[in-house]
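Chemist: Below you'll find the structure I mean.
The values are calculated or read from the model by the stated rules, or taken from the named source; none is laboratory data. If you're wondering where the values come from, they're calculated on a predicted model, not measured in any experiment. Here the Cβ is made from the backbone with ideal geometry for all residues, glycine too, and neighbour counts use every protein chain on show. For the accessible areas, the whole protein counts, side chains as well, though only heavy atoms, and no ligand, DNA or RNA atoms are used. Shrake-Rupley method; radii C 1.70, N 1.55, O 1.52, S 1.80 Å.
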Amino acid sequence: MTEAERQLLDLLDVERLETDLFRGTGSGGETPTRIYGGQVIAQALAAAYRTVEDRLCHSLHAYFIRPGDPSIPVIYQVDRARDGGSFTTRRVVAIQHGRQILNLSASFHAGDAGWDHQHPMPEIDGPAAHPTRQTLQERFIDRIPEKHRAEFTRPRPIEIREVEPRDMFEPIPTDDRHYLWFRMGAAAGADPATQHLLLAYASDMGLLGSGLRPHGLSWYTRQVNGASLDHAMWFHAPIRFENWHLYAMDSPWTGAGRSFNRGKVYAEDGTLVASVAQEGLMRRLQPRD
């Protein structure tokens, strides 16, 4: 297990303060200036899981209300909305500086017999055919300001192979559909709830950028102010995140300073294990005087 993987597992192990009150670490995620969205979603789900027995999450819906401050912990307050015969519902409020930064609702299901079908996985070359994150970092490192290079190249816990990566600084307009492979080796042996937490954390990677692609934009072109506004996720099948998964994303619509983005997560054998939807801020960045 790498140090980055250990830190992520520690990050998702929220501390119980009271029966339905938990505390999570604010720092240590994907970004240093504000808390990475996938981190606060995964921690909120972890707090909800700590109040549920013998059921797995099948869906979650979250609203990002304020940017998270990575310099202080996050408090998670869980409301036991319902404990039913087949479904359990939890509401979680994430709090910093006495104010809400995220609201999350999660539903847990005991599982029932039914009918099965799924859309097939896109025909994409396997992860070995695509560059590693380190290879891409080396490609662009000379164009990153020196004061940001350590953060840019810092080891991350999630291994990523992006399919047809764009030039981060001079992107050309492309199709909104894009794909990446991801996994975390240290997920091996983790329980089903932890597998959900890891995929929830990873599900915020690359998704918001889908709406930028048709417009020839990236987060490095300094033309757009973006942030996640909400995030929804549905878990369909068992997850073993130590194995490669394909994240197939698209953006059917952008407008009014927002973008709508979708994702499907497939196991390497083609099983659809999760679906994701998110709306994000996509506002023109106003030049400073």
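Chemist: Of all residues being under 16 Å from Ala274 (Cα atoms) and small (Gly, Ala, Ser) in region 106-115, which is surrounded by the most Cβ atoms within 10 Å (Cβ to Cβ)? Just the residue, please.
Modeler: Ala106
To keep it simple, each residue is scored yes or no on (1) open to solvent by less than 70 Å² (accessible area, probe 1.4 Å); (2) closer than 20 Å to Thr33 by Cβ; (3) touching a residue at least 40 places away in the same chain (Cβ under 8 Å).
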residue: Ala62; (1), (2), (3): yes, no, yes
residue: Tyr76; (1), (2), (3): yes, no, yes
residue: Phe87; (1), (2), (3): no, no, no
residue: His117; (1), (2), (3): no, no, no
residue: Pro122; (1), (2), (3): yes, no, yes
residue: Ala128; (1), (2), (3): no, no, no
residue: Pro131; (1), (2), (3): yes, no, no
residue: Pro145; (1), (2), (3): yes, yes, no
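Chemist: Would you mention how many residues in region 1-37 are open to solvent by less than 20 Å² (accessible area, probe 1.4 Å) and over 16 Å from the mean Cα position of the chain (by Cα)?
Modeler: Result for region 1-37: 4.
Chemist: Among Pro122, Pro171, which is more than 26 Å from Ile41 (Cα to Cα) and touching a strand residue (DSSP E or B) at 6+ places or on another chain (Cβ under 8 Å)?
Modeler: The conditions single out Pro122.
Chemist: Moving on to the next point. Regarding Leu9, is this residue of a type in the set (A, V, I, L, M) and within 23 Å of Leu281 (Cα to Cα)?
Modeler: Here the answer is no, as Leu9 does not meet what is asked.
Chemist: Further question on the same structure: Can you pull out every residue in region 189-211 that is part of a helix (DSSP H, G or I), surrounded by fewer than 24 Cβ atoms within 10 Å (Cβ to Cβ) and in contact with a Phe, Trp or Tyr (Cβ under 8 Å, 6 or more places away or on another chain)?
Modeler: Ala193, Gln195, Gly209
Chemist: Pick from region 258-279 the residues that are of a type in the set (S, T, N, Q) and closer than 21 Å to Asp125 by Cα: which of them is surrounded by the most Cβ atoms within 10 Å (Cβ to Cβ)?
Modeler: Once the filter is applied, the top-ranked residue is Ser275.
Chemist: In region 147-187, how many residues are open to solvent by less than 60 Å² (accessible area, probe 1.4 Å), in a loop (DSSP other than H, G, I, E, B) and aliphatic (A, V, I, L, M)?
Modeler: Total meeting the criteria: 4.
Chemist: So, one more: Given the structure, is Thr135 in a helix (DSSP H, G or I), among the β-branched types (Val, Ile, Thr) and either more than 17 Å from Arg222 (Cβ to Cβ) or open to solvent by 40 Å² or more (accessible area, probe 1.4 Å) (or both)?
Modeler: It is true that Thr135 is in a helix (DSSP H, G or I), among the β-branched types (Val, Ile, Thr) and either more than 17 Å from Arg222 (Cβ to Cβ) or open to solvent by 40 Å² or more (accessible area, probe 1.4 Å) (or both).
Chemist: So, one more: Which ones in region 10-28 are within 15 Å of Ala42 (Cβ to Cβ), touching a residue at least 40 places away in the same chain (Cβ under 8 Å) and not in a loop (DSSP other than H, G, I, E, B)?
Modeler: If the condition is that a residue be within 15 Å of Ala42 (Cβ to Cβ), touching a residue at least 40 places away in the same chain (Cβ under 8 Å) and not in a loop (DSSP other than H, G, I, E, B), then Phe22, Arg23, Gly24 are the ones that fit.
Chemist: When you scan region 115-128, do you find a residue that is β-branched (Val, Ile, Thr) and closer than 18 Å to Phe169 by Cβ, even just one? Spell out the reasoning first.
Modeler: Within region 115-128, the first condition is being β-branched (Val, Ile, Thr), and the residues that meet it are 124.
Checking which are closer than 18 Å to Phe169 by Cβ leaves us with none.
No, every residue in region 115-128 fails to be β-branched (Val, Ile, Thr) and closer than 18 Å to Phe169 by Cβ.
Chemist: Let me ask another. Which condition number in (1) at pLDDT 95 or above; (2) under 25 Å from Val276 (Cβ atoms); (3) out of contact with any His (no Cβ under 6 Å at 6 or more places or on another chain) is the one that Arg133 fails?
Modeler: (1)
Chemist: Further, regarding this structure: Where residues in region 238-281 are charged (D, E, K, R) and not in a loop (DSSP other than H, G, I, E, B), which of them is nearest to Trp181 (Cα to Cα)?
Modeler: Lys264
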